[in-house]
1. Quick check on this structure: which one of B:Gly104, B:Gly138 is farther than 25 Å from B:Ile263 by Cα and either surrounded by 14 or more Cβ atoms within 10 Å (Cβ to Cβ) or at pLDDT 80 or above (or both)?
2. Restricting to segment A:75-90, what's the tally of residues that are more than 16 Å from A:Ala159 (Cβ to Cβ) and touching a residue at least 24 places away in the same chain (Cβ under 8 Å)?
3. If only one of A:Pro147, A:Pro104, A:Pro115 is touching a Phe, Trp or Tyr at 6+ places or on another chain (Cβ under 9 Å), buried (at least 23 other Cβ atoms within 10 Å of the Cβ) and more than 24 Å from A:His207 (Cβ to Cβ), which one is it?
4. Take the residues in segment A:135-148 that are in a helix (DSSP H, G or I) and over 23 Å from the mean Cα position of the chain (by Cα), then tell me which one is farthest from the other protein chains (Cβ to nearest Cβ).
5. From the list A:Ser178, A:Ser109, A:Ser151, exactly one residue is more than 12 Å from every other protein chain (Cβ to nearest Cβ), touching a residue at least 40 places away in the same chain (Cβ under 8 Å) and hydroxyl-bearing (Ser, Thr, Tyr). Which is it?
6. Can you tell me which residues in segment B:479-530 are in contact with a helix residue (DSSP H, G or I) (Cβ under 7 Å, 6 or more places away or on another chain), more than 14 Å from chain A (Cβ to nearest Cβ) and without any contact (Cβ under 8 Å) to a residue 24 or more places away in the chain?
7. Tally the residues that are surrounded by 16 or more Cβ atoms within 10 Å (Cβ to Cβ), within 17 Å of B:Ala436 (Cβ to Cβ) and more than 21 Å from the chain's Cα centre (by Cα), restricting the search to segment B:11-28.
8. Could you list all residues from segment A:29-48 that are surrounded by fewer than 23 Cβ atoms within 10 Å (Cβ to Cβ), in a loop (DSSP other than H, G, I, E, B) and touching a residue at least 12 places away in the same chain (Cβ under 8 Å)?
Amino acid sequence: MTGTLAAEGISFAYPTRGFRNKQPAETLRHVSLRISPGTSTALVGSSGSGKSTLVRILLAMAKPSTGTVSLGARDVAPGPVRTLRWYRRAVQYIPQNPAGSLDPRMTVSQLLMEPLRQLRVEGNHRDLAAQALERVELPARAMHRRPGELSGGQNQRVAIARALAVKPTYLLADEPVSGLDLPLRDAVLELLDGLVHEGLGLLLVTHDLTTAARMCGTTAVLSGGSTVEQAPTGQLLESPASPAAVALVQASRGLQLPAPLQAVAL
Amino acid sequence: MIPTGTALLKVTASRIVALTGLVVLVGMMPWLSGRGAEYTILRAKYSDREPTPEALAAIRAELGLEQGPLAMFVSWVQGVFAGDLGISWINSTPVGPGIGAALGVSVTLMGFAIVAAAIIVLLICVPAVRDGLRQRRGQASGALPAALTSLPEFLLSAMLLVVGGVWLQWFPPFGWKGPEHAVLPALALGIPAGGLMGLLLSDAIRAAYGEKWVATWRLAGAGRAQLALAVLRRALPAVLPQLGLVLIGLTGGAVAVEKVYAIPGLGRALLGAASAQDIPTLQAGMLALMGLALLVGTLTTAARYLLIGPAVRLGTLPLAEPPRSAVHRQLAVPAVSAAALLLIIGAGLLRDPYASAHQRLAAPTWSLPFGADASGRDLLARVGHGAVGTLGTALVVVLVCLAVGIAVGLFPLAATGPLEVANAAPPILAGLVVAAITGPSAQGAALAVAAVSWAPLAAHTAALAQEARAQPYIQILPVLGVGKAGIMLRYILPAVARPLLRHAMLRLPGVALALAALGFLGLGPQQPSPEWGLILAEGIGYVERAPWAVLAPASALVLASVLAVSLAGTGSGSGAARPGRLGNPAAARAEK
């Protein structure tokens, strides 16, 4: 399934808690976003800006109060598993803390085969799982290990392999490198970069503009529930227009290392 | 979990459904008892008539069983609203006045029991308050005192009767004529109730002293009395829901106590009505008890609301600094009691429990270690064989409860009402209802105990499942295409199964005691089966001439209680009482 993954005019408010609190706070207001295969887009914003909520809506795990999510010509809405299989085969996800998203009772092979089986992917599941494991550069003997027997970085790769196993067109990655040390971080980002060159459409959710600058052609800035700026990443870094983008750019500059040290670190 | 929005609606609806269901059950009892009741009534009222089809039809017509279930239920409800509780099936007199008088006696008895319980709570909590004021951490309650205060009422009243009424002769053993008659029954009811409340409250007080605000108050120069009062106010709300359950539990305990001490209260009236299958009397009594339970529940909820206020949610209350993380397990007590129990069972199984081979009420000797009962049967053999019957039934009950608890616990909101009702209903009352409908039997007792024992397991399941659902590896499953049923059966169930199985096994001795209580009251297995409660009931008539006839089954039951309480203390058994902090996610995750 190819075509553009698009969110149009999305608004979202969490249901009110209790009876007293009558004013629902809107988490998202008329947000639109388009991603194409073979491109990568960064979704940046400070924490609480609504990034994770937007991802949940894009995954058809939450229903927006207004607006639609569509892939190609088909609209997508939360519903029973069987009506969404086609969408889940096309759009996969790497959650925050990917290693924690692995059931500790299952072996890597069981973990990789689960989406293949549940989503009724055609072909030999064992071979597809092996290919996915190879793609993330894990040795074949890792197949029979459980998450508890692998390192954090290896588990991260298993989670990515599980998302790749169904050969999706799009990958949504929610802060996939936030908990990793620098070398591991680079390795994972390189892997994702390679996938984009192979034709994957990537949405990289991050609070860190440096990562966005390195990985993504386009960057969308989310602030207070609205898209305040969407531009080619280079242009955004050079001349940010909105206050939120200015703040993010300044914050990332402050963190940047002096040039000589940077060379050592990378 | 604090219900919000639609969840609150679901919970409320579930409560209303549960309460309505209970009323319908009580209203339907005459129809449910059906055929069994006809025979019983025929035998009770017209012992000269043969049970011919004509005679039985006449009884049916007389009792109004011909109208069908719905009409009977409607006419019963109409009667209740008109103040007419029905006509006794046995002596054809109105039920209302007798039940009213019995209720008065029972409420008086419960008043005495509450005074006794309050004294015991004070005795247990004063050291906790003092330790806290002296800034000593003090020891949490040990297993042995906990076990001694949690003997079931039927056993405790039998023991108090022997000691205080027969050996010491300080108090009259039977009857209900003056305040001196109330002392032993009040103690029998008050010791378990006060013991449980006291231990819970003293633990809550010790935990409250560990909270950070106490240190702040001290630095600010709060006085001792001021501090003690504040800590008490902090500790009380946590134990109030339990207080409601304990007070409702008193109604079940009162049945046994009133039987042992021959007190003309509601419990004894119900027991008589159940064994005679006098359904209208039982209906009126159950209605009175439900009203009492509703009143107590409302009062404790109101008290809790007044103490912590409407705005404060559980999540905003301060947390105690966790005490030493090393789990302090007292394994000696359960190990010793289990070993003693196994020894009795092993020795008893090799002997014949039915043959009247000995002298009546023979005293214990080396060849007959526990003596003989009134029919000259070997008591060691009867206690040993009884263990197999009682514990075996208990095992079946526990497994059924585990299955029901898991099924119900996975849908916690919709199950709130039935769960609360089952959790509050004492097994003895359930036993009364079942015995009245089907006649007393071992299966009936097992059914009754199972009907109320699934609740803690369901609550534990709900808490564990809630915890499992929050795990990232469960949350991602919809994206991988795993449907709701698959998530439940293939992911959550395996994650919760092990801790639940352990919890269920810890409940085994407690369930065995509940079965024994029903046996003791004559609501369980009948003669001559060697069931612990039944052996105790048989022996109690001869307590003056042959105390060993009581001592043998009582010591086995005490061992089982000690085992039950000490196990509950070390494992997850106590977990169900503490919502939100159940189980151990790390341990659940580590299990493969």
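The values are calculated or read from the model by the stated rules, or taken from the named source; none is laboratory data. Values in this document were obtained by computation on a predicted structure and should not be read as measured data. Cβ placement follows ideal geometry from the backbone for every residue including glycine, while neighbour counts extend to all protein chains displayed.
1. Values: B:Gly104 fails: farther than 25 Å from B:Ile263 by Cα.
Just one listed residue meets the conditions, B:Gly138.
2. 7
3. A:Pro147
4. Per the stated criteria, the residue is A:Ala140.
5. A:Ser178
6. Listed by number, the list is empty, since nothing qualifies.
7. Summing the residues that are surrounded by 16 or more Cβ atoms within 10 Å (Cβ to Cβ), within 17 Å of B:Ala436 (Cβ to Cβ) and more than 21 Å from the chain's Cα centre (by Cα) in segment B:11-28 gives 2.
8. Those that are surrounded by fewer than 23 Cβ atoms within 10 Å (Cβ to Cβ), in a loop (DSSP other than H, G, I, E, B) and touching a residue at least 12 places away in the same chain (Cβ under 8 Å): A:Ser36, A:Pro37, A:Gly38, A:Thr39, A:Ser46, A:Ser47.
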